[in-house]
Each structure stands twice: as structure tokens, then as C-alpha cells.
Amino acid sequence: MQETEMQYALQSYVSDAEPAMGLTADGVLTAGRRSRRTRRLAGFAGAALAATLVGIGVVVVSSGTSTGADFAAAAPCPFPPGPRPPGVIAADQPLPPEVREWASTSVTCHLNDELPRLLPDARYARVPGAPAGPLLGFSHGGEPPFGNRIDAMALIHDAEGTGDLTVMVGVVDPSMAGQAVDECRRSTMGKCSVQSGPNGESVLLSTAADGMPAELPRDLVARVYRGHSEILVQVSNTDRQVVNGNAPVATRPEPVLSTDQAVQLALSPELYLFP
């Protein structure tokens, strides 16, 4: 199932089965954990879904629009992250507190430095209901799969309109790269392609299915595996807002990053946090 189709399915559940507030972020996170335990995000479609579930959890419980969002320039890095602190890094263990703080700072600093270079005219705003401000790395805490990853979100606005960005950097077993590549190549649920990065990374790219009506929202997901790091960059051409139970609509012609830009961001050495 394509990410957009899953998004609409969840939104239909919200509008048809119960009020929008009935689908809480905690409930969505629980569903995500169940899905991860079942499939371990085996393959590209699963990873895109996991990231999307978190985003949808935020969007559904917020029922406004991005019209009143406070867009501003990216903030400078608060302080350099420095070297990674010692601590056990494992796919089945949450990140130690010191490593979690370092990883959050690393993601924050890189995004606030790189996004203005990729999008020189863009401004950024907090996703309503998100745990942190725009382009700020944060941890959901708890046990894996959420306790060993760092996320960052932002609404992004420029002359073309408003879109959104989600970045995820997580810890996985290195064997997941092969599983994800195999799943991507065998997938019949949407467009998924496999590339190799400059340093041997496995790069998976998901785009809108052929024949998708032009008026529907578009999502683009680039995913990179290297060592114990799983890096996901997801962008769309919507503000992810649900109003009166209706699905989000396109708020710009294309996602906020091009395919090349999304892959470039996902391949950033600065996001390769877990060798």
C-alpha cells in the first residue's frame, strides 16, 4: 500500500468511525509498534508507513491548517554536537540518554545548516502538535522501534506553497539493508527503486505510483542504510492538515524537495550517526 493510500485510509477511519480526536498520537504510536514487531519494517514500504504513522498522529489530532503557522528562517546550530558519547548502540535497545541528546543535536545542526542551502528562499514552521519545533531533532523515548531513533519535522513554505518534511535517523541491525532491498525489488504495492550510494550505501526511493491523479497529494521517500544507521527523508506537497475530517490537499505543485535533493539529504555524512 502506498503511503498516501494508507494516510487516506486512516483519515477515512477518523471521519467515518469516530470524531477526529478519537485517533490519538498514542494510539497511532501503539499501532506503529505493533507493525514494527510484526514486520520489523521489513522493506521500504514498511519504513515509509512507520514514519507516516507518526506524522499522521500529529496531523489528525490537530484540526487546523497551516495558514496561521509562524514561518521563520532556520535557526543557527545551538552548539556543535562533538564526538558521539560512549554507550551501547543496538537495534533492540533504546539509545542511552547521552547518545540520544548528541544524536538530537547532530540532526538539528545538520538540518538547520543544509535545508537553507537546498531551499534558499524557504521558511519553516512547527508541525502542529509535534513534540519539537521545525528542524529540531527529538526522541519519542521508550523502547525500540521509537526509543532508538531521532526524528525531526517541519512545515516548509516558499513561493510555490507549503509542504512538509520528516527526517528519521534510527538504529537497525545491518542485515536490515538486504531485507529492505529485497522487499523493495519484489514490491508490487507502488514504485520503489534501489540505488547504491557513493560509499556503498543501500538507497531506496519511493515515489507516487504511475497513473495517480494529478490533483492528489504527492509523497517522496528516500531511505538509506549504512552500518547500523537507517536514514529516512520524507517530503510531501501538502501541509498534512485535516480539516473537518477531510484528507489533506495539495498545497504546492510538487514535494518540497526534488528526488535528487531528498536522496542527497538522506546520504548526508552528518546523518550517518550509528556506524
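The values are calculated or read from the model by the stated rules, or taken from the named source; none is laboratory data. Just so it is clear, the structure is predicted and the values come from calculations on it, not from any experiment. These area figures cover heavy atoms from the full protein model, side chains too; ligands, DNA and RNA do not enter into them. Shrake-Rupley method; radii C 1.70, N 1.55, O 1.52, S 1.80 Å.
Surface composition of the range 87-151: carbon plus sulfur atoms contribute 50% of the solvent-accessible area (1.4 Å probe, protein chains only, all chains present).
Largest first, the residues 140, 110 sort by 1.4 Å accessible area into 140, 110. Converting phi to 3J(HN,Hα) with the Karplus coefficients 6.51, -1.76 and 1.60 and the offset θ = phi - 60°, the range 229-235 yields 9, 10, 10, 10, 10, 10, 10 Hz in sequence order, with x at every glycine or proline.
Percent relative contact order of the range 232-275, based on C-alpha pairs within less than 8 angstrom and at least six residues apart? Taking the mean separation of contacting Cα pairs over the length of the range 232-275, I get 39 percent.
Accessible surface ranking for 173, 113, 1.4 angstrom probe, highest first: 113, 173. Accessible area per residue for the range 219-275, computed on protein heavy atoms with a 1.4 Å probe, is 33 Å².
Near residue 256, the amide H atoms lying under 5 Å from its own belong to 164, 236; only residues 5 or more places off or on other chains count, and H is placed 1.01 Å from N.
Each part gets one Cα centre, and for the range 224-239 versus the range 126-152 those centres are 14 Å apart.
Please label the shape of the range 114-198 as rounded, prolate or oblate, based on the square roots a ≥ b ≥ c of the eigenvalues of the alpha-carbon gyration tensor (a/c under 1.5 means rounded; beyond that, a/b larger than b/c means prolate, else oblate). The shape class here is oblate. By a 1.4 Å probe calculation restricted to protein chains, residue 187 has an accessible surface near 40 Å², given to the nearest 10. Among 71, 138, the sequence by solvent-accessible area, most first, with a 1.4 Å probe is 71, 138. Taking 0.36 nm per residue of separation and subtracting the current Cα-Cα distance, fully stretching the chain between residue 249 and residue 194 would add 16.9 nm. Rolling a 1.4 Å probe over the protein heavy atoms leaves residue 121 with an accessible area of roughly 120 Å².
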